[in-house]
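**Student:** Quick one: this structure, given as structure tokens, is what I'll be asking you about.
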């Protein structure tokens, strides 16, 4: 019996190994892909300056840009804003790690920003149309309707600041923060973005290896009426494999003392949601649902955000929730 | 009930038997132990010219009846798998009622596996001789065993080699029939539906081959008695062990071990003996390989059946099946690191607990009621799936479909030229799909409804050369928020040709409806069905179909058929990837489809080698609205594309060869033209929007010391606008049976993909390198497997 068991184990192992090893197809070179213009633009109702990032599909590790394009956004009431070329850092940042090594990329994406004279021209509830025309005649169009305004309920005065400002408050360690807010008309979903700093020091001695300097977690509230989230318990659904299990368990029910958290809760429009959730499965990689039409692909979406900075400590400072 | 009423108007009153000058032959078929033999084929031929004047199958109690026979001399032949053919000569005078007791002798075991199955496929031939419209293909238990399979015989793999059937992947035993989707196949286990009959996402079917008698695929033209699916009906039938002595089969393969036991039940007073069987199967991936190295996955099947003769020639039959797939990583060390290249720095695993499975239980009661034969069925079918993370509560996925059904059928043969079948069924269905995580419900769909159906199917043979089958079916589906009512008329006509009626031309047309959809992504090689029911936001599927074919038998040895078909589908659904999360009305896109094609088959039934070859030609198309085109004048509002199973040419060659007694060689060669896929045309980096800074950025994956390439998106070309290279594969099997005093031992060797053809499963395009590259994953490489079967 023991011999049969050993034989079956060996045969099964051999079959599995052979199957897996024998399923790879030889790599072959193919012609370069199509050169397409790609648009990245999220109108942010919490900021004055808006930007449109233009880049191209890859040609090896070079991300080409699009200089000399005409970029205009027209609001539903007829206001038209012509974007101006700007230095790259106004639109995007690239970690220096991408500038060297075998996986380095050469980034030449082009940045266009709205002029300061336009002021706070992106407002909740309005519709906007993007029109891009490149120097060689390519045209792209996109439309977005910015979700309506909303309010965070139950926050203390220091925490509840108007859109565009940052609220500040203190949260006791190892406690959760239950947030709820009013409905933002037209929102397809709400995103909760959290940047946590100070975890390395706060969790020192717990034996959790390689804690990053900054931990970023996302949470999603699906649909216009899904207006509650518990921080941090409900965040990190999409980062389960990104960070270590011990780290995720350590902050599952609350933050450790000494952590600093920057929270952004935003109502997203259709295009932003479609871009984030992606399209159908494809073995070659993620597929993004484009929200522009014409001679290229990309995203033209919108966001209505509220921001909150939370210090995690036992006493002192304004609490996050009113009456606590 | 309307159908029943209409049918009653169509049926003429039968003439009193006493007034007829015609004769009748009736009786019973039994085995050498006196037990009744169901489904023995009886063929009545005129002695003078050998012309077939009637044929039938024996009922569950072995009874048969051939009425309305002209006086004269005849030869009555009776056949059944596993028994010697018998023929008796009879002479019928006007008004004679001849009662015959036909006892068949078991075929010698020494020739089992060859001669037994060389007796033709009785049901297929019987259907040819007695039915007009249906396209039925039968795979017997013997053929099933001889067909090379993955580790062990698999009935759904065997179905793939039948005409009109397309399989898109070696990794999945799901199949498409004549341009229909996989969810449009009604799969019945002893007459009861089984919703997701696959293990490991489709790699194996749930059916234990030891317990099966045959599989019969109705690929088109099926009659009004079948409802609920529009594309095909696959009837998987377990063996009838009535009257058999205690025995069993044991099988071991690289996949699993299985055991099947059967025996008879004590006979009641004046009753025949009933039978029972019980079979079990379990895989041992998880037992052979330690949890931290191997796959902590196992499958379990448990199946049983009971046959009880009833007073008055009836029979009660119980069928039960339960099966589970379990991927349980809860015992895995979450901090384990293999140190391999694929591990991240922490070497951690995300521990999941994932299970899914089917349950079926049903009881069928066949009972003669005077001139009528009644069949009553009560059954419960369930498919359930649950996925969760061991370490993080609240993140779950659950999917479930349940059906509780009752059905009654009544059949009567008024004469050899006229029979009627009536029936009605009532089912209660419930579907649930729930995905939760992070305090949000990503998907919640729950519905239930009641399905009522009634049908009438008439078979009329005005002359020996013609069969006409009009039928009508009425289905009503009452969901929680709406009601559907669908009338589905069906008509089939067959004209026999030639002096011996061994050839025929047939035409069938009809409407088919279904109220269930699966949202499974058919581009995935392994995945489970995700069932939803029709409702206010989900249409019912309606398919109009027509087919024209010719069939020809050459004695008992050869047959050939050619059949052209045209199908149109309405009410197809697919996920709307760009739906508005605020409203359920746009969760799914509603579309249409059509297909047409030609199926050819040549089959050899007897001799040292048997088998068949099929050529299937298909063109299929799907059309769905493009939700992203709304509001843009220069974007086409609809997308038309060939579905992933649009295999234009499919050729199968299946051969069984017995070079000597006890030895059997099986061969299968399959060729298929390339399947469509969506080719990426470019790739671009994934700029992430950071709401805290208001700028885009290229993120670095956390935990990597060396920066990896930035995350990327692919830009796709036209949907399914490219095609993979042609598929072809040769499989071989060798079986040798050793006779022992207590039974038999049959070791077998199977080799899949003998010449190691690299059939692509996926291509991976990488435009981030210069020059751009394409790599990929192939389907099965050359794959030898061994196993052994023991019977006692």
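What follows draws every value from the coordinates through simple rules; no lab data is involved. Being a predicted model, the structure only gives us computed values, none of them experimental. Here Cβ is always computed from backbone atoms with ideal geometry, including for glycine, and neighbour counts include all displayed protein chains.
**Student:** Rounded to the nearest 0.05, what FRET efficiency is calculated for residue B:577 and residue A:97 with R0 set to 41 Å and r the Cβ-Cβ distance?
**Tutor:** Given R0 = 41 Å and the Cβ-Cβ separation, E is 0.80.
**Student:** So, one more: For a protection proxy built on the mean count of beta-carbon atoms within 10 angstrom, sort B:44-51, B:632-639, A:297-304 highest first, please.
**Tutor:** A:297-304, B:44-51, B:632-639
**Student:** On to the next question. Helix-only estimate, please: 222 nm mean residue ellipticity of the protein assembly as shown, summing -39500 (n - 2.57) across DSSP H runs of length 4 or more and dividing by its residues, to the nearest 500.
**Tutor:** Roughly -1500 deg cm²/dmol at 222 nm, from the helical runs in the protein assembly as shown.
**Student:** What is the spin-label model distance, in nm, from residue B:651 to residue B:380 if the labels are put 7 Å beyond Cα along the C-beta direction?
**Tutor:** Spacing of the two 7 Å Cα→Cβ label points: 5.1 nm.
**Student:** Could I ask something else about it? Using a Debye calculation, one point per C-alpha and no hydration shell, please list log10 I(q)/I(0) for the stretch A:205-274 at q = 0.12, 0.16, 0.20 Å⁻¹ in order.
**Tutor:** -0.38, -0.64, -0.93
**Student:** Could I ask something else about it? Take every DSSP beta bridge whose two residues both sit in chain A, then give the antiparallel share in percent to the nearest 5.
**Tutor:** If I count the DSSP bridges inside chain A, around 80 percent turn out antiparallel.
**Student:** Please arrange A:292, B:715 by how many other C-beta atoms lie within 10 Å of their C-beta, fewest to most.
**Tutor:** The order, fewest Cβ neighbours first, is B:715, A:292.
**Student:** Contact order normalised by length for chain A, with contacts defined as Cα pairs under 8 Å and 6 or more residues apart; what percent is it?
**Tutor:** 21
**Student:** Find how many whole Å separate the alpha carbon centroid of the stretch A:138-204 from the alpha carbon centroid of the stretch B:404-479.
**Tutor:** Centre-to-centre distance over Cα atoms comes out at 53 Å.
**Student:** Within the protein assembly as shown, what percent of beta bridges assigned by DSSP are antiparallel, to the nearest 5?
**Tutor:** The antiparallel fraction comes to roughly 90 percent.
**Student:** To one decimal place, what Kirkwood hydrodynamic radius in Å is obtained for the stretch A:87-192 from all pairs of distinct Cα atoms?
**Tutor:** 18.6 Å is the Kirkwood radius here.
**Student:** So how do B:487, B:278 line up by other beta-carbon neighbours within 10 Å, fewest first?
**Tutor:** B:487, B:278
**Student:** So, one more: Principal axis extents for the stretch A:241-314, Cα atoms only, whole Å, descending order, please.
**Tutor:** Largest first, the stretch A:241-314 extends 55, 31, 15 Å along its Cα principal axes.
**Student:** For the stretch B:148-200, compute Rg over Rh where Rg is the Cα radius of gyration and Rh is the Kirkwood radius from the inverse mean 1/r over Cα pairs.
**Tutor:** The Rg/Rh ratio comes out at 0.94.
**Student:** Limiting things to C-alpha atoms, what are the Rg and the maximum Cα-Cα separation (Dmax) for the stretch B:526-676, in angstroms?
**Tutor:** Just the Cα atoms of the stretch B:526-676 yield Rg and Dmax of 21.9, 72 Å.
**Student:** Could you tell me whether the stretch B:475-529 comes out rounded, prolate or oblate from its Cα gyration tensor? Rule is a ≥ b ≥ c as square roots of the eigenvalues, rounded for a/c under 1.5, then prolate if a/b exceeds b/c, otherwise oblate.
**Tutor:** Here the stretch B:475-529 falls in the oblate category.
**Student:** Viscosity 1.306 mPa s, temperature 10 °C: Stokes-Einstein D of the stretch A:148-191 from its Kirkwood Cα radius, in µm² per second?
**Tutor:** For these conditions, the coefficient is 132 µm²/s.
**Student:** In terms of the Cα gyration tensor, with a ≥ b ≥ c the square roots of its eigenvalues, is the protein assembly as shown rounded because a/c is under 1.5, prolate because a/b exceeds b/c, or oblate?
**Tutor:** prolate
**Student:** When you look at the Cβ of every residue in A:183-194, what mean number of other chain Cβ atoms sits within 10 Å?
**Tutor:** So the per-residue partner count for this stretch is 2.
**Student:** Same structure, new question: Would you work out if chain B is rounded, prolate or oblate? Take a ≥ b ≥ c from the square roots of the eigenvalues of the alpha-carbon gyration tensor; rounded if a/c is under 1.5, else prolate when a/b is larger than b/c, oblate otherwise.
**Tutor:** prolate
**Student:** Then there's this: Taking R0 as 41 Å, what FRET efficiency do you get between residue B:621 and residue A:116 from their Cβ-Cβ distance, rounded to the nearest 0.05?
**Tutor:** In this case the efficiency is close to 0.15.
**Student:** Next up: Using r as the Cβ-Cβ distance of residue A:200 and residue A:84, and R0 as 45 Å, what FRET efficiency do you calculate, to the nearest 0.05?
**Tutor:** Computed FRET efficiency for residue A:200 and residue A:84 comes out at 0.65.
**Student:** If you don't mind, there's one more thing I want to ask. With both partners inside chain B, how many of the DSSP beta bridges are antiparallel, as a percent to the nearest 5?
**Tutor:** For chain B, the DSSP antiparallel bridge percentage is about 95.
**Student:** At a 10 Å Cβ-Cβ cut-off, how would you order A:141, B:517, fewest neighbours first?
**Tutor:** So the ranking, lowest neighbour count to highest, is A:141, B:517.
**Student:** Under a crude label model (7 Å from the Cα following the beta-carbon direction), how far is residue B:775 from residue B:742 in nanometres?
**Tutor:** It works out to 5.3 nm between the two label points.
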